[in-house]
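S.K.: Got a structure here, written out as structure tokens. Questions coming.
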Amino acid sequence: MSVAHVVRSRSRHRAFRSIRRQLLHSQRTLLLQATTCGPPSTASELPADVLDLATSERDVGIEDLMKQRAYLKLQQVERALSRIEDASYGMCHLCRIDIPLPRLRAQPDATLCVDCKAECEDRARLRIGA
């Protein structure tokens, strides 16, 4: 193993510790978002007319959607934390090369390098367009 490889490996390890802290912070935030409920409605807060009812239903729908998204993101964050623990973090799931640190810092739960992600998105666009 070359000296350059050892230095690069240590640098990635230090970066992963920082990213792990970032992921743990995201995990706490997302857990709160996914589990908190809005204030319960009381009889005095019932909508006065059809438009108020529609607005209230829309707000509930948006809140549910936001909770679902927070829950899905929470799952991705927890999988990333597991990959850090089992030492598989930072490797592209498709081409098996190291994902560059700038990508991991920007998207800590990334599982694909930029090239593989772009290729997957291109394939998805072709399927949708077909």
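The values are calculated or read from the model by the stated rules, or taken from the named source; none is laboratory data. As the structure is a computational prediction, the values presented were derived from the model and not from experiment. Heads up, the Cβs are rebuilt from the backbone with ideal geometry, glycines too, and the neighbour counts pull from every protein chain shown.
S.K.: Can you report the number of residues in the stretch 85-95 which are touching a Lys or Arg at 6+ places or on another chain (Cβ under 8 Å) and more than 14 Å from GLN107 (Cα to Cα)?
M.R.: Residues meeting the conditions: 0.
S.K.: Kindly establish whether ARG10 is modelled with pLDDT under 85 and charged (D, E, K, R).
M.R.: yes
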